[in-house]
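Encoded as structure tokens, the structure appears first; notes follow it.
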Amino acid sequence: MASDVGMIGRRGAAALAVAAGAAAAHSAAARAQGGGAGAYPTRPIRIIVPFAAGGTTDIVARALAERLAAQLGQPVVVENRGGAGGVVAGETFARSEPDGHTLLVATASLVAINKALRPNLPFDPDAEFVPIALLAQQPNVLVVNPRVLPQVHTLQDLIAQAKARPGQLNYASAGTGTQLHLTGAMLAAEAGIDIVHVPYRGAGPAVADLIAGQVPMMFDGLGSALPHLRAGTLRAIAVAAEAPHPALPEVRPVAETLPGFLSTNWTGLFGLRGTPAPVLDRLEAETRKALETPEVRRLFAERAFDPMPIPRDGLPAFLEAERRRWSEAVRRSGARVE
């Protein structure tokens with residue numbers, strides 16, 4: 001029996017080989033490009049959140065995930081990876097494939113503070129993470145448990161209590177090295193008070209213990225704190241902004257007592273360096289579309305989130321300014337994590 005090559009001819013075999021090679025190369029290129037923007041996504045998407053469920057970052061991430069799932073036609077799963085001020089989540093994210101199927105929703109804690117605070121960070125957010133879109137921002141607010149600190153209604157009240165009881169008042173945070181931790185450290189340094197840091201694996205469990213009376217106070221994102229403030233289980237005594245916030249018009253800014261004191265809690269969506277540009281473009285477009293939906297707008301209004309419509313090409317400059325600002329805050333506070 002004649003061979004296959006003999007039956008189709010040597011030229012035909014060569015042509016088939018060339019065609020097969022081209023098809024294989026095209027398939028490999030498509031895989032390397034994450035399937036291209038047209039094919040993306042080809043499987044469920046994972047959004048890593050560096051804190052436990054229930055805090056501001058988690059609230060924003062879950063709202064985004066729900067809308068992206070509807071728009072992209074694939075499940076979008078939020079994975080909470082709390083611990084070490086976001087380092088656990090950052091390291092997990094840095095080991096992922098740069099194809100747009102694993103994303104990170106992060107804050108200044110992870111991408112702007114950790115390099116200044118931790119000398120041995122196991123990844124480099126500047127070099128390895130690519131900003132896709134900023135999602136929301138709001139000021140942090142200093143809240144107390146009114147049952148534990150019934151006489152504390154203002155920042156001046158708190159400072160007086162802390163000076164009368166040095167080292168006896170604790171403050172909770174979303175974890176060591178987080179923005180909420182550093183904001184508390186800045187308050188202690190600038191007010192000249194001795195308060196003790198109690199780290200948690202996210203703002204959610206920290207707030208739960210605050211309401212239960214296990215800790216007397218903390219800084220929290222305004223959106224996370226608002227339901228508890230409305231219910232009366234927490235009391236806001238100062239907002240870390242330049243002016244009172246419309247959601248809490250009666251609460252005075254920290255800066256009135258400690259000039260220049262600011263702490264804004266922003267949330268952004270990040271991909272990995274090496275993710276194909278068409279995939280990043282589509283993610284940016286779909287994220288902006290999601291933020292404009294009535295459902296997300298309603299959530300933002302309820303939780304006092306402000307949108308951040310900075311285009312993607314403007315995000316590197318924004319992040320660099322944040323790194324400089326928080327590096328200076330780390331220096332002033334004296335905070336350090338080994």
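The values are calculated or read from the model by the stated rules, or taken from the named source; none is laboratory data. All of these numbers come straight from a predicted model, not from anything done at the bench. Please note: Cβ atoms are built from the backbone with ideal geometry, for glycine as well, and neighbour counts cover all protein chains shown.
Checked against the criteria, A301 does not count as under 22 Å from I113 (Cα atoms) and out of contact with any helix residue (DSSP H, G or I) (no Cβ under 9 Å at 6 or more places or on another chain).
When R312, R332, R298, R325 are checked against the criterion of being over 15 Å from T267 (Cα atoms) and at pLDDT 90 or above, R298 stands alone in meeting it. Where the second residue is surrounded by fewer than 18 Cβ atoms within 10 Å (Cβ to Cβ) and of a type in the set (V, I, T) and the first is not assigned by TED's automatic domain parsing to the domain that holds P244 and lies in the stretch 301-320, which pairs have Cβ atoms under 7 Å and are six or more apart or on separate chains? Every condition considered, the pairs that remain are F318/I310. Name the residues in the stretch 223-249 that are of a type outside the set (V, I, T), surrounded by fewer than 19 Cβ atoms within 10 Å (Cβ to Cβ), in contact (Cβ under 8 Å) with a residue 12 or more places away in the chain and over 19 Å from F300 (Cβ atoms), would you? If the condition is that a residue be of a type outside the set (V, I, T), surrounded by fewer than 19 Cβ atoms within 10 Å (Cβ to Cβ), in contact (Cβ under 8 Å) with a residue 12 or more places away in the chain and over 19 Å from F300 (Cβ atoms), then G232, E242 are the ones that fit. Note on the stretch 108-222: enclosed helices (runs of 4 or more DSSP H) holding 1 or more residues that are in contact (Cβ under 8 Å) with a residue 12 or more places away in the chain and among the acidic types (D, E) are 125-128, 155-164, 179-191, 203-212.
Candidates in the stretch 248-269 are the residues that are within 17 Å of M308 (Cβ to Cβ) and assigned to a loop (DSSP other than H, G, I, E, B); of these, the one that is farthest from the chain's Cα centre (by Cα) is L262. Of the set (1) outside any strand (DSSP E or B); (2) under 24 Å from R303 (Cβ atoms), all apply to L104 but (1). Does L272 satisfy the condition of being at pLDDT 95 or above, buried (at least 20 other Cβ atoms within 10 Å of the Cβ), of a type in the set (A, V, I, L, M) and within 16 Å of the chain's Cα centre (by Cα)? Considered against the rule, which asks whether it is at pLDDT 95 or above, buried (at least 20 other Cβ atoms within 10 Å of the Cβ), of a type in the set (A, V, I, L, M) and within 16 Å of the chain's Cα centre (by Cα), L272 comes out as yes.
Of all residues assigned to the stretch 103-121, none qualifies as being surrounded by fewer than 24 Cβ atoms within 10 Å (Cβ to Cβ), farther than 24 Å from T56 by Cα and not assigned by TED's automatic domain parsing to the domain that holds L315.
For the residues E320, E284, the requirement of being assigned to a helix (DSSP H, G or I) and surrounded by fewer than 18 Cβ atoms within 10 Å (Cβ to Cβ) singles out E320.
In the set (1) basic (K, R); (2) over 19 Å from L222 (Cα atoms); (3) surrounded by 16 or more Cβ atoms within 10 Å (Cβ to Cβ), R252 fails one condition alone, (2).
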